[in-house]
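Read the structure below first, then the notes.
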Amino acid sequence: MITVTDVSKVYQSGEVETHALKKINVMIENGEFIVILGPSGSGKSTLLNVISGLDTVTEGTIFFAETELTALSEREMTKFRRDHLGFIFQQYNLLQNLTAYENVQIGADIGQNPFPIDDLLGKVGLTKARDKYPYQLSGGEQLRVSVARSLAKNPDIIFCDEPTGSLDEINSKKVLKLLQELNTAYEKTIVVITHNAGIAEMADKVIKMNSGEIIELIYHDVKKDAQ
Ligand code: ADP
Ligand code: ADP
């Protein structure tokens, strides 16, 4: 579904060049649950940003099925992102004057083929919290609203940049478990960035990075194991 070919990214600030990505080659298949793992500064966010069109590449190509993202104008990329890509941010970015239901509805409203909101709220365990405002929700519930909102527009793929950054390993695993369930239930491709090796065990495929390079690809038969 996504094909990354010989992608490099160089950040230039004054005299200093940072080679954040060095000739990256990788594929992301439909329906995969992928974790990008690596220490701080290894290029994980840069890889996610170029794949999702939030940043441009210095060299190389990225195809999303038949569409070459690296050839789109900024305006075309914005439209592509709106129609096809979902994001979960570290800060949940919930609107404080809207209920859980209404926050998820915002996601559904931008989709051409959105999911039913009540189904989604049920799936993430928020049926009872449907009419509550963010300040009435726990941190975990707010996170689940933001996950449901990202799914509501029915994107082809969901990107999460360390959604679990502030959590300990046990809680991080719970969040990943939820994403994994959604990956299975809705057949969504999910790409998660983390520096936590423990949670990478839950992925179908781990892209291990260091110093701007993919140093290892690890495949897990997670779904089979669970049967
Ligand atoms: P990670 O997500 O693994 O922590 P990043 O992709 O954020 O790594 O960063 C990779 C390298 O690129 C780091 O050396 C970082 O300092 C550098 N970098 C990231 N963003 C920028 C930027 N906007 N300008 C200059 N250097 C950057
Ligand atoms: P509840 O009261 O609904 O059980 P919690 O606040 O106990 O909600 O959290 C449930 C789960 O949500 C936690 O296990 C954790 O995985 C996640 N979570 C909790 N707080 C946060 C937070 N601040 N940021 C991200 N995820 C969180």
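A few remarks follow.
- Region 31-53, subset part of a helix (DSSP H, G or I) and either in contact with a Phe, Trp or Tyr (Cβ under 6 Å, 6 or more places away or on another chain) or small (G, A, S) (or both), residue surrounded by the fewest Cβ atoms within 10 Å (Cβ to Cβ): S45
- Flag if R81 is of a type in the set (K, R), away from ligand 1 (no atom under 16 Å from the Cβ), open to solvent by 40 Å² or more (accessible area, probe 1.4 Å) and touching a strand residue (DSSP E or B) at 6+ places or on another chain (Cβ under 9 Å): yes
One line per residue, one yes/no per condition, for (1) under 18 Å from the mean Cα position of the chain (by Cα); (2) within 16 Å of ligand 2 (Cβ to nearest atom); (3) under 30 Å from S138 (Cα atoms):
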site	(1), (2), (3)
T18	no, no, no
N49	yes, no, yes
T67	no, no, no
A100	no, yes, yes
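- A count restricted to region 59-69 and to residues that are open to solvent by 20 Å² or more (accessible area, probe 1.4 Å), in contact (Cβ under 8 Å) with a residue 60 or more places away in the chain and under 23 Å from E213 (Cα atoms) stands at 1.
- Among the residues of region 113-122, those identified as assigned to a loop (DSSP other than H, G, I, E, B) and open to solvent by 70 Å² or more (accessible area, probe 1.4 Å) are N113, P116.
- Pairs are defined by a Cβ separation below 9 Å, a sequence spacing of at least 6 or placement on different chains, a first member in region 151-162 that is open to solvent by 20 Å² or more (accessible area, probe 1.4 Å), and a second member that is of a type in the set (S, T, N, Q) and assigned to a strand (DSSP E or B); the pairs so defined are D156/T189; E162/T194.
- Test result for T56, over 15 Å from the mean Cα position of the chain (by Cα), within 16 Å of ligand 1 (Cβ to nearest atom) and open to solvent by 70 Å² or more (accessible area, probe 1.4 Å): yes
- Region 90-111 - residue that is in a loop (DSSP other than H, G, I, E, B) and in contact with an Asp or Glu (Cβ under 7 Å, 6 or more places away or on another chain) and, of those, least open to solvent (accessible area, probe 1.4 Å): T99
- For first residues located in region 123-148 and near ligand 2 (Cβ under 10 Å from one of its atoms) and part of a loop (DSSP other than H, G, I, E, B), partners that are open to solvent by 60 Å² or more (accessible area, probe 1.4 Å) and of a type outside the set (D, E, K, R) and lie 6+ apart or on another chain with Cβ distances below 9 Å form the pairs A129/Q136.
The values are calculated or read from the model by the stated rules, or taken from the named source; none is laboratory data. These numbers were taken from a predicted model, which means no experiment stands behind them. Counting neighbours? That spans all protein chains shown, and the Cβs are built from the backbone with ideal geometry, glycine included. The accessibility values were calculated without ligands, DNA or RNA, using every heavy atom of the protein model including side chains. Shrake-Rupley method; radii C 1.70, N 1.55, O 1.52, S 1.80 Å.
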